[in-house]
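Reading through the structure tokens given below for one structure.
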Amino acid sequence: MNRFLFSARCVALCTFAGLSILTTGCQPSGSVSSKPTTADSHGHDHAGHDHSSDHGPNGGHLVDLAPSNSHGEWAHDDETGKITLFFTDSLKAGQKVESARIDLNVAGQEPKSYEFKGTEKGSFELESLELLTALELCSGEPDSKVTAKLVAKIDGKEESAPVVHHDHGHSH
């Protein structure tokens with residue numbers, strides 16, 4: 001791995017980890033239920049699908065976009081800091097995904113928006129070790145000091161969802 005990328009990632013990880021520990025303390029990792037539910041806090045019926053793994057068809061983290069209740073997915077490459085956004089439901093429905101961004105809020109810092117570039121396959125990509133490190137700290141807990149929101153413009157309408165990082169069995 002390039003020494004610069006390794007050093008930059010270490011600095012980013014230490015900065016965000018230190019901020020997180022100082023502001024929230026260590027949090028125990030939660031477990032994800034393996035039982036499908038019929039309805040939950042993000043407002044739609046789960047009778048027809050199961051979020052027990054919270055992983056999408058591309059191996060990423062699922063998000064429920066509002067107001068449509070369609071799904072988005074964000075996947076990442078820990079080595080390069082590349083984050084890819086997928087909107088499979090929208091594409092299957094023949095909808096046009098016009099733009100995508102992630103709005104990041106870290107306690108004590110100015111909010112930041114990260115704009116993603118569209119690909120020929122209909123996904124959106126961005127390389128940012130800083131954003132990836134921050135997203136790994138998005139626990140979804142109410143007192144979290146790091147929060148993020150995925151915002152996509154689909155067929156002229158803005159859809160959004162909170163971004164939460166779920167452990168998928170590998171270390172970061």
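Couple of notes before you dig in:
- In region 45-88, the residue that is modelled with the lowest pLDDT out of those that are touching a Gly at 6+ places or on another chain (Cβ under 8 Å) and not in a strand (DSSP E or B) is ASN69.
- Filter result for ASP77 (free of Cβ contacts under 8 Å to residues at least 40 places away in the same chain and surrounded by fewer than 18 Cβ atoms within 10 Å (Cβ to Cβ)): yes
- Counting only residues that are under 22 Å from ILE154 (Cα atoms) and either at pLDDT 95 or above or in contact with a strand residue (DSSP E or B) (Cβ under 6 Å, 6 or more places away or on another chain) (or both), region 97-130 holds 20 of them.
- Scanning region 108-145 for residues being of a type in the set (A, V, I, L, M), under 15 Å from HIS61 (Cβ atoms) and in contact (Cβ under 8 Å) with a residue 60 or more places away in the chain gives a total of 3.
- Members of region 84-98 found to be touching a Leu at 6+ places or on another chain (Cβ under 9 Å) and either surrounded by fewer than 17 Cβ atoms within 10 Å (Cβ to Cβ) or within 13 Å of ASN58 (Cβ to Cβ) (or both), listed by number: THR84, LEU85, PHE87, ASP89
- The set of residues from region 89-107 being touching a residue at least 12 places away in the same chain (Cβ under 8 Å) and either over 16 Å from SER128 (Cβ atoms) or part of a loop (DSSP other than H, G, I, E, B) (or both) comprises ASP89, SER90, LEU91, ALA93, GLN95, LYS96, VAL97, GLU98, SER99, ALA107.
The values are calculated or read from the model by the stated rules, or taken from the named source; none is laboratory data. Every value quoted in this text rests on a predicted model; they were computed, and no experiment measured them. Please note: Cβ atoms are built from the backbone with ideal geometry, for glycine as well, and neighbour counts cover all protein chains shown.
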